[in-house]
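Where a number appears in this text, it was derived from the coordinates with a stated rule and is not lab data. Please read these numbers as outputs of a predicted model, since none were measured by experiment. Ideal geometry is used to build each Cβ from the backbone, glycine not excepted, and the neighbour counts take in all protein chains shown.
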Amino acid sequence: MNCFHEILFIFNIAIIVCCFASQDGQTCHRRERFVPHIRSLWEEGYPIATGSDVAMCEGTITLAENGEICVDGRVSYLQLANFVQESSEFTESQSIFAPAAKTISINGHLTTGTGNIINGDKATLLYNYVTSYIVDDTKYTSNSTMTDMLLAASRGTIDGVCLDPDFVQEETFYEITHSSWAPDSVDIDDFSTGNLFFGSRTRVIAEYHTRLNKEPSFLWRRISMARMILFNLVAEFPTPQIVYDLFPIFQLTGILRANIVGTGQFSTSTVPQPLLSPLGVNVENIEMETDWSTFLLLVDNGIFSEFPRKAGSLAKKIVPIGTNACWTEPIAAIDFQIPLGFATELDDFVENVFYPKLLELNSSAKVTLHFGKRVPPNSNVLQAALNNYESCGVTLNPIVETCYHPLCARTVTPSTFEYPSKYYD
């Protein structure tokens, strides 16, 4: 499997690439015209690429007497959101925390180590809401060993999870605004109060999500919604690969976002996630997390001006609320993005430019990598991420009976893995 040395495309027991569910609600693959999330050479060996195997989102969702939402089997965030909307136990105005793509499976998100979730102006980690989980048919109560049990599916298939009642949020209202700077002249004080950040060598955009103390007017909400829909349509517009090859499209995301969405006021009952991932975009991306203060040092030092021409980034400020995850302090989750076909350039930038600059500014800084996205194999940054996971209780080089994830061995060299047959039709 030579592709290990070029592309680490993490598909695992829960298919981080889940997609539009079919009408019977049993499948979680995307429609044929869409490629898997974070497409790469892994698509060559991925069952759904040939259409011969269908990924199953066959799980069931129940509401426990104590208010916990429990999943048995595998389901997507979209299925969970629909459950809340359709259940008589919840009101129409309530919504769930979720990542930018609701088509991601919850089980797959648990294997990533740092899966983040958002509802309105709140952004935190999925682990913070997990009360219990099932691995290989054995139920575990969540505690400080959870990351070790779930990371990279090293202990087996994740067959269920229960989420705290607060995973479902009451309706709130928030406002979106933006500020913009040249990459080498960011007002770091203003920047530091943002929630989402779009950065490239062209422009740096900070997006602010501010809680409102009263409901916006009907007209203002409709205008805001129309602009948000327009932005999502633009982001989803089918772009030929040759356009990505010729033009630095990913540098423009933040600029388009600030100009189309502009200032808007929203309800979490209709727009719980301020930013949705375009499902039809061919993109390679690496997500790195580091502590918030180190990220600010990087921005203040002009790191965005050193980005590759075709690359862009989306960063989020994530505030953990519990102690079971590896990160317990505020962090920046930085998603580096580049068009399909330029992954080697992205790997080189993260390994040889971004990570060394981070250490130069803070030699004691820690990093992690999201194991549901592209991870540069045999790299210093991957080793640093593994070391940080080890420092918070993760076992490196565990004994693995069956490998359901390329990094199940938790080393810098990926392993040969297999897809669990029970999750495919």
(message) List the residues, sorted by chain then number, that are 5 or more residues from I96 or on another chain and whose placed amide H is less than 5 Å from its amide H.
(response) Q169
(message) Under 10 Å, Cα contacts only: if you run a Gaussian network model on the chain, which one of T177, T103, T111 comes out with the highest mean-square fluctuation?
(response) T177
(message) Please report the net charge: other residues with Cβ closer than 15 Å to the Cβ of N324, K and R +1, D and E -1.
(response) -4
(message) Straight-line reach from K316: which aspartates and glutamates fall under 17 Å, measuring Cα to Cα and dropping same-chain residues less than 8 apart?
(response) D121, E175, D189, D190, E207, E287, E289, D291, D300, E329, D335
(request) Determine the shape class of the range 232-365: with a ≥ b ≥ c the square roots of the Cα gyration tensor eigenvalues, call it rounded for a/c under 1.5, and otherwise prolate if a/b is greater than b/c, oblate otherwise. (result) oblate
(request) Could you list which residues have their amide H under 5 Å from that of T131, counting only those 5 or more apart in sequence or on another chain, with H placed in the peptide plane? (result) C162, L163, D164
(request) Determine, from the Cβ-Cβ distance of T62 and S93 and an R0 of 35 Å, the FRET efficiency 1/(1 + (r/R0)^6), rounded to the nearest 0.05. (result) 0.95
(request) Rank the residues F354, F90, F83 as a footprinting-exposure proxy: fewest other Cβ atoms within 10 Å of their Cβ go first. (result) F90, F83, F354
(request) Arrange E236, E207 by Cβ neighbour counts within 10 Å, fewest through most, would you? (result) E236, E207
(request) Rank L110, L296, L150 by mean-square fluctuation in a GNM of the chain with C-alpha springs under 10 angstrom and give only the top-ranked residue. (result) L296
(message) Averaging the inverse of every distinct alpha carbon separation and then flipping it gives the Kirkwood radius. What is it for the chain, in angstrom units?
(response) 21.7 Å
(message) Nearest 500 deg cm²/dmol is fine: what mean residue ellipticity at 222 nm does the chain get from its DSSP H runs of n ≥ 4 alone, each adding -39,500 (n - 2.57), divided by its residue count?
(response) -6000 deg cm²/dmol
(request) Work through the residues other than H405 whose Cβ is under 12 Å from its Cβ and net out their charges, Lys, Arg +1 and Asp, Glu -1. (result) +1
(request) Tabulate in residue order the Karplus-calculated ³J(HN,Hα) for the range 380-389, using 6.51 cos²θ - 1.76 cosθ + 1.60 with θ = phi - 60°, rounded to whole Hz; enter x for Gly and Pro. (result) 5, 5, 5, 4, 5, 5, 4, 4, 5, 4
(request) Just rank S88, S269, S105, fewest to most, by other beta-carbon atoms within 10 angstrom. (result) S88, S269, S105
